[in-house]
Amino acid sequence: MSRVIVIGAGAAGLMAACAAADQGHRVTVIEKNEKAGKKIYITGKGRCNLTNDCSTEDFFDRVVRNPKFLYSSVYGFDHEAVKRFFDENGCPVKTERGLRVFPASDHACDVTDALMRHLKRKRVSVRFHTPAQNLAVEAENGARKKITGVCLGDGSVLPADSVILCTGGLSYPSTGSTGDGHRMAAEAGHDITPCLPSLVPMETAERWPLELQGLSLKNVSVSIRPLESEAESDGGKKRRPVYSGFGEMLFTHFGLSGPLILTGSANCNFSQYPGGFRLLIDLKPAVSQEELESRIRSLIEEAPERRFSNAVAGLFPLRLRDAAVQLSGISPERAAKSIQAGEIRAFTALLKSIPLTLRGNRGFREAIVTRGGVSVREVDPSTMESRLVRGLFFAGEILDVDAVTGGFNLQIAWSTGHLAGESVR
């Protein structure tokens, strides 16, 4: 029986502790907060989208960075295993639109409670208000080092044969994700890939989206490319979009949010492109530009005496109609019959490609996950153990692995946490 310390009582840490305890180890979880799973409580708008019911093969298509690193952990503890774990621990689940899996109760607290019940049955010690300060590491023969324990904030040392570092990244710092784990990993010799906010709402340079605050658009498509690519480059060719997608988006008091925008943000590196990005919205992706133009002509022909804005009102929500007509430069007061062919063509093109300038994102305070973290080159993907420090393991958001929205990032936490916990010796 080994002494195992798990640093961090979030999703990855709690699952790691469950798996280590299932192996018969003596496990202690230390958490600087007053309770476990603070970030779990706010995921999925308080309902906790705990995984996705897509196939394991499809799962890897949703991982933005370093998907191959996750093969062992995800195939070893996939979405079916996650659902089974929570069901067996008193938290039945259900699958909703987009194959998103939630607790049947719609209460995120039930997810944390299920994990804590498992730990209680296994007699795992969970210590709150206990911040880790440093990792206790000593040199071994050769280049590799060995973990010996954890130095606490009060100056005491908890001895350990293995330590699993699950402190998260930098997103939602109010939940305790303040980069402590990255600092400790770096002090132990690990490279930290620069961290950026991901799955985060984005701000627009234009002001008109702010006037549509609260308006949700469904079944639209967007494409995003660096503004720099609008100038001729790469032999006169524009760069390919960094993201294209279909789904739902939301106008906010600062710009844009919603699943489509959050997913797109995972591919927008404002450090690499400080000039920002051009976002193009296709309001009618299901029809071609020619078909849409024909429909607009028909609307005008059906009501030639009506104001132009009223004639096309059936194409989109009222508030968006006013914005679209204003962007077109066509006076909403003009009679529909006065609109020229060229104006109809230009208006149609606008609806298929409304331009917006993304000037930045809302930062770590509103980011769902962190992009970057402990370099996966220095972690054994078959065990989650450090290649540099024997007995040191990593799991969850602290690693340089992230995915799109839809339950995929929590699946990463469960899978890597479970593998780390069952791999400790």
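The values are calculated or read from the model by the stated rules, or taken from the named source; none is laboratory data. Values in this document were obtained by computation on a predicted structure and should not be read as measured data. Heads up, the Cβs are rebuilt from the backbone with ideal geometry, glycines too, and the neighbour counts pull from every protein chain shown.
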Restricting the search to segment 18-42, which residues are within 22 Å of Q133 (Cβ to Cβ), out of contact with any helix residue (DSSP H, G or I) (no Cβ under 6 Å at 6 or more places or on another chain) and of a type in the set (A, V, I, L, M, F, W, C)?
I30
Pairing a residue in segment 328-340 that is surrounded by 13 or more Cβ atoms within 10 Å (Cβ to Cβ) with any residue that is β-branched (V, I, T) and part of a helix (DSSP H, G or I), where Cβ atoms lie under 7 Å and the two sit 6 or more apart in sequence or on different chains, gives P332/V325; A336/I300; K337/I300; I339/I300
In the set K122, K146, K38, the lone residue that is under 17 Å from C18 (Cβ atoms), modelled with pLDDT of 95 or more and not hydrophobic (A, V, I, L, M, F, W, C) is K122
Considering residues of segment 294-308 that are outside any loop (DSSP other than H, G, I, E, B) and either touching a strand residue (DSSP E or B) at 6+ places or on another chain (Cβ under 8 Å) or among the hydrophobic types (A, V, I, L, M, F, W, C) (or both) only, the residue farthest from R345 (Cα to Cα)
R307
Might you check whether a residue that is in a loop (DSSP other than H, G, I, E, B) and either more than 23 Å from the chain's Cα centre (by Cα) or surrounded by fewer than 18 Cβ atoms within 10 Å (Cβ to Cβ) (or both) occurs anywhere in segment 215-224?
yes
Which numbered condition V404 misses (of (1) within 17 Å of N52 (Cα to Cα); (2) in contact with a His (Cβ under 6 Å, 6 or more places away or on another chain)):
(2)
Consider only pairs whose beta carbons are under 9 Å apart and that are at least six residues apart or on different chains; among these, list those whose first residue lies in segment 241-254 and is touching a residue at least 24 places away in the same chain (Cβ under 8 Å) and on the phi > 0 side of the Ramachandran plot and whose second residue is surrounded by 18 or more Cβ atoms within 10 Å (Cβ to Cβ) and part of a strand (DSSP E or B).
G247/V220; G247/S221; G247/V222
Being in contact (Cβ under 8 Å) with a residue 12 or more places away in the chain, under 17 Å from I412 (Cα atoms) and surrounded by fewer than 24 Cβ atoms within 10 Å (Cβ to Cβ) is the requirement here; does Y41 meet it?
no
Qualifying residues in segment 189-201 (those that are out of contact with any Asp or Glu (no Cβ under 6 Å at 6 or more places or on another chain) and surrounded by fewer than 21 Cβ atoms within 10 Å (Cβ to Cβ)) - the one farthest from F251 (Cα to Cα):
G189
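Per-residue answers, yes or no, for (1) at pLDDT below 95; (2) hydrophobic (A, V, I, L, M, F, W, C); (3) in contact with a helix residue (DSSP H, G or I) (Cβ under 9 Å, 6 or more places away or on another chain):
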| residue | (1), (2), (3) |
| --- | --- |
| D322 | yes, no, yes |
| I339 | no, yes, yes |
| T357 | no, no, yes |
| T370 | no, no, yes |
| G373 | no, no, yes |
| V376 | no, yes, yes |
| I412 | no, yes, yes |
| S415 | no, no, yes |
Say we look at segment 154-179 and pick out the residues that are farther than 14 Å from K39 by Cβ and in contact (Cβ under 8 Å) with a residue 40 or more places away in the chain; which of these is surrounded by the fewest Cβ atoms within 10 Å (Cβ to Cβ)?
P159
Within segment 121-145, of all residues that are of a type in the set (D, E, K, R), touching a residue at least 24 places away in the same chain (Cβ under 8 Å) and not in a strand (DSSP E or B), the one nearest to N52 (Cα to Cα) is K122
Condition check: among the small types (G, A, S), surrounded by fewer than 17 Cβ atoms within 10 Å (Cβ to Cβ) and at negative phi. Does A104 satisfy that?
yes
If you take just the strands (runs of 3 or more DSSP E) that sit entirely in segment 319-425, which of them hold at least 3 residues that are over 19 Å from V6 (Cβ atoms) and of a type outside the set (F, W, Y)?
354-361, 369-374
Kindly indicate which of K83, K68 is surrounded by fewer than 19 Cβ atoms within 10 Å (Cβ to Cβ) and at pLDDT 95 or above.
K68
Filter segment 363-409 down to the residues that are surrounded by 24 or more Cβ atoms within 10 Å (Cβ to Cβ) and basic (K, R) and list them by number.
R371
Would you be able to tell me the number of residues in segment 90-101 that are surrounded by fewer than 17 Cβ atoms within 10 Å (Cβ to Cβ) and not in a loop (DSSP other than H, G, I, E, B)?
6
Tell me which residues, restricted to segment 154-183, are aliphatic (A, V, I, L, M) and over 14 Å from G391 (Cβ atoms).
V157, L170
List every residue pair whose Cβ atoms sit under 7 Å apart, with the two residues 6 or more apart in sequence or on different chains, where the first one lies in segment 8-21 and is surrounded by fewer than 24 Cβ atoms within 10 Å (Cβ to Cβ) and the second, anywhere, is part of a helix (DSSP H, G or I).
A21/L119
Taking the condition of being closer than 16 Å to F59 by Cα, without any contact (Cβ under 8 Å) to a residue 60 or more places away in the chain and touching a strand residue (DSSP E or B) at 6+ places or on another chain (Cβ under 6 Å), how many residues in segment 69-120 meet it?
2
